[in-house]
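*Asks:* What follows is a structure written as structure tokens; I'll ask about it next.
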Ligand code: MN
């Protein structure tokens with residue numbers, strides 16, 4: 001039996017008492033009324049528990065959180081900065097006050113009314129202020145497939161890939177919350193043959209199935225984070241769609257890497273699932289050959305068994321079709337190696353930074369994490385509810401979901417969605 005809450009949690013819910021993911025929400029404004037302030041909450045079943053109401057009632061009474069202002073903020077950055085002692089205390093307090101046999105909230109009708117809001121009556125916002133966003137390239141299957149498509153099978157995986165977790169600095173200003181429409185970008189596309197590059201709406205708009213780590217406490221400039229302590233700097237994970245314009249990317253990426261083909265939009269899911277909640281789903285990460293340098297060598301190499309799915313709902317269709325089933329455990333470079341590598345030169349991470357894993361592709365044809373791979377760069381169109389897709393078309397809605405299956409419960413991420421709108425003229 002899973003843990004039991006007095007809040008009814010449907011068996012298939014992503015958000016039982018074992019999960020308790022953190023987000024930022026505000027009640028949907030009623031017509032004519034001013035918007036209420038954004039504030040932190042956790043998801044429980046089909047409800048959101050308002051942490052500012054819980055804190056105002058004095059229920060966070062442990063030594064770390066008592067009197068803290070961290071749940072009276074419009075982002076989670078301050079709570080994240082407080083680190084693992086605060087996260088553990090919040091989790092155990094919340095599991096206690098939401099449990100079926102604890103009366104303090106269960107039997108207080110006034111506080112219950114104030115603090116438990118139906119999820120359908122709230123609007124989710126970006127949970128963190130993102131100072132910096134970095135995107136890694138940590139799935140070997142993805143690296144190999146992309147390399148084969150762009151450079152041929154002889155040079156598929158570059159020599160450096162097996163020695164360091166490759167990454168580029170992304171753009172944080174265009175990170176948006178799930179449900180935000182994505183406008184098809186315009187730009188220069190790769191020339192074919194002797195023709196000049198074309199300019200216009202991207203002809204190869206793609207999704208990238210990723211997850212992203214949210215940084216908790218950062219590090220001081222000049223002081224790298226040890227790979228074996230890096231987990232204390234990671235609060236949790238979200239789903240992330242790193243939308244990509246492949247025609248723009250292919251033309252611009254030499255020699256400095258991705259730029260406008262990526263920076264027009266990145267979508268994240270609203271609920272941050274903590275590493276504590278994911279602990280029962282920890283599994284061994286793949287053995288690395290060659291062995292990495294000492295600063296990347298871990299005493300224990302941990303991945304998580306997180307099944308991932310991508311669905312596409314074309315315009316005018318009621319139901320989406322599944323296009324990919326992958327798993328977070330395909331990552332070759334772990335989250336902790338990414339953090340250690342990011343900071344080994346002294347670079348400072350800050351609370352709320354977003355670290356994308358890179359596209360998570362598995363070894364099978366049905367586990368590829370983007371259309372570039374699924375259609376082999378438009379050479380093999382993908383069948384979709386009686387239609388075909390080479391790349392995304394206007395009106396397509398892309399839906400990511402992820403759910404870890406426990407014995408009697410799930411630890412899920414909800415969804416990460418976005419709809420493609422036509423390019424602006
Ligand atoms: Mn990416």
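*Asks:* Considering the range 226-247 alone, what residues qualify as being part of a strand (DSSP E or B) and closer than 30 Å to residue 299 by Cβ?
*Replies:* Residues satisfying the conditions are 234, 235, 236, 237, 238, 239, 240.
*Asks:* What's the number of the only condition in (1) touching a helix residue (DSSP H, G or I) at 6+ places or on another chain (Cβ under 7 Å); (2) modelled with pLDDT of 95 or more that residue 149 fails to meet?
*Replies:* Going through the list (1) touching a helix residue (DSSP H, G or I) at 6+ places or on another chain (Cβ under 7 Å); (2) modelled with pLDDT of 95 or more, residue 149 breaks only (2).
*Asks:* Can you say whether residue 143 is touching a strand residue (DSSP E or B) at 6+ places or on another chain (Cβ under 7 Å), within 16 Å of the ligand (Cβ to nearest atom), at pLDDT 95 or above and under 28 Å from residue 253 (Cα atoms), as far as the supplied structure shows?
*Replies:* Criteria not met by residue 143.
*Asks:* Please specify each residue of the range 113-139 satisfying the condition of being surrounded by fewer than 16 Cβ atoms within 10 Å (Cβ to Cβ) and in a helix (DSSP H, G or I).
*Replies:* 113, 114, 120, 121
*Asks:* So, one more: Tell me whether the range 251-259 contains one or more residues that are under 27 Å from residue 412 (Cα atoms) and away from the ligand (no atom under 16 Å from the Cβ).
*Replies:* no
*Asks:* Can you tell me which of 242, 226 is in contact (Cβ under 8 Å) with a residue 60 or more places away in the chain and within 13 Å of the ligand (Cβ to nearest atom)?
*Replies:* After applying the criteria, what remains is 242.
*Asks:* Something else now. Which helices (runs of 4 or more DSSP H) sit wholly inside the range 3-107 and have at least 2 residues that are in contact with a strand residue (DSSP E or B) (Cβ under 8 Å, 6 or more places away or on another chain) and crowded, with 21+ Cβ neighbours inside 10 Å?
*Replies:* 77-81, 84-97
*Asks:* Take the range 321-362 and flag every residue that is in a helix (DSSP H, G or I) and within 16 Å of the ligand (Cβ to nearest atom).
*Replies:* Those that are in a helix (DSSP H, G or I) and within 16 Å of the ligand (Cβ to nearest atom): 328, 330, 335, 338, 342.
*Asks:* Does residue 234 satisfy the condition of being closer than 28 Å to residue 88 by Cβ, more than 14 Å from the ligand (Cβ to nearest atom) and at pLDDT 95 or above?
*Replies:* yes
*Asks:* Continuing with this model, one more query. Could you please find all residues in the range 363-402 being out of contact with any helix residue (DSSP H, G or I) (no Cβ under 9 Å at 6 or more places or on another chain), away from the ligand (no atom under 16 Å from the Cβ) and touching a residue at least 12 places away in the same chain (Cβ under 8 Å)?
*Replies:* Residues satisfying the conditions are 375, 384, 385, 387, 393, 394, 395, 396, 397, 399, 401.
*Asks:* Looking at the range 62-77, which of its residues are closer than 26 Å to residue 27 by Cβ and in contact (Cβ under 8 Å) with a residue 12 or more places away in the chain?
*Replies:* Result: 65, 68, 70, 71, 72, 73, 74, 75, 76, 77.
The values are calculated or read from the model by the stated rules, or taken from the named source; none is laboratory data. The structure presented is a predicted model; accordingly, all values stated were derived computationally and were not measured. Cβ coordinates were reconstructed from backbone atoms using ideal geometry, including for glycine residues, and neighbour counts include every protein chain displayed.
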